[in-house]
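To start, the structure under review is shown below, and the notes come after it.
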Amino acid sequence: MLLPTLPICQVTFAAIDFESAGAAKGKTDVPIQVGMGQWSMTAGMGEQFVSFLQSDRSIAWSAQKVHGITVADLAGAPSLISLWPTVKQFLGTAVVVAHGKGTEKKFLRAFPGHGFGPWVDTLLLSRALWPSWKDHSLGALCAELGLAEKISALCPQRSWHDALFDACASLCLLESMIERLDLAQKAVEILLQPDQSRWFLDR
């Protein structure tokens with residue numbers, strides 16, 4: 001059976017987040033850290049994975065100011081391509097979650113034809129659910145919903161703009177949305193293309 005037609009309570013969700021080197025003039029951005037986590041309504045929070053990523057690109061000062069990752073952190077790190085078995089293990093049979101999925105989908109093009117999905121974007125969901133809220137960033141949403149302490153317990157000694165922390169935050173946010181709207185028995189497809197029309201009216 002196709003994942004979108006299954007009840008939410010029967011599927012595994014896997015969140016992924018990348019931190020990047022930042023834009024450089026005339027060059028495309030590159031990932032320098034990846035974090036992944038799994039969650040389901042039956043098993044709760046599951047496996048986690050995080051790794052710095054090999055890069056031949058210098059880290060832009062503006063990006064380093066956000067996530068704090070330095071060139072020294074990347075010493076001896078694996079390439080994203082070499083992590084294919086791990087990425088496939090986490091995402092291959094799951095509904096994939098990200099907050100603002102564009103960046104994650106872009107960097108996953110390193111694996112042509114990977115077939116990961118369907119995708120749930122918690123940014124789009126939050127705009128549909130709370131269109132009048134001024135800030136739909138991941139940190140602001142989790143603070144508003146009282147999730148920060150839970151996320152910190154899941155990812156000790158990590159914080160915002162760490163790839164694992166943000167991936168787990170996306171899962172906690174999704175869990176909160178599902179519980180608040182009593183969606184457990186609804187098909188996954190209800191999460192995939194949320195109606196943002198009310199949010200756009202406020203812009």
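Every number in this text was worked out from the coordinates using simple rules, so none of it is lab data. Since the structure is predicted, the reported quantities are computational estimates derived from the model, not experimental observations. Glycine also receives a Cβ, built like all others from the backbone with ideal geometry; neighbour counts cover every protein chain displayed.
Axis of helix 163-180 versus longest Cα principal axis of the chain: the two differ by about 0°, to the nearest ten degrees. Taking the three principal axes of the alpha carbon atoms in segment 1-111, the coordinate ranges are 45, 26, 24 Å, sorted in descending order.
Here the mean projected area of the convex hull built on the C-alpha positions of the chain is 12.1 nm². Remark on segment 134-203: ratio of C-alpha radius of gyration to 2.2 N^0.38 Å is 1.24.
Computed extension length for SER82-ALA23: 18.9 nm, one decimal, from 0.36 nm per residue of separation with the Cα-Cα distance subtracted. The percentage of C-alpha pairs in segment 38-99 whose separation is greater than 19 Å is 49%. Listed by chain and number, the aspartates and glutamates placed with their C-alpha closer than 16 angstrom to that of LYS88 are ASP17, GLU47, GLU104; residues fewer than eight positions away on the same chain are left out.
Of the trypsin sites (Lys or Arg not before Pro) found in segment 108-178, those in coil by DSSP whose Cβ has at most 13 other Cβ atoms within 10 Å are LYS134. With Cα atoms defining each centre, segment 57-136 and segment 140-158 are spaced 18 Å apart in the structure. Considered as an equivalent ellipsoid built on the Cα gyration tensor, segment 59-163 has semi-axes of 25, 21, 14 Å, the largest given first.
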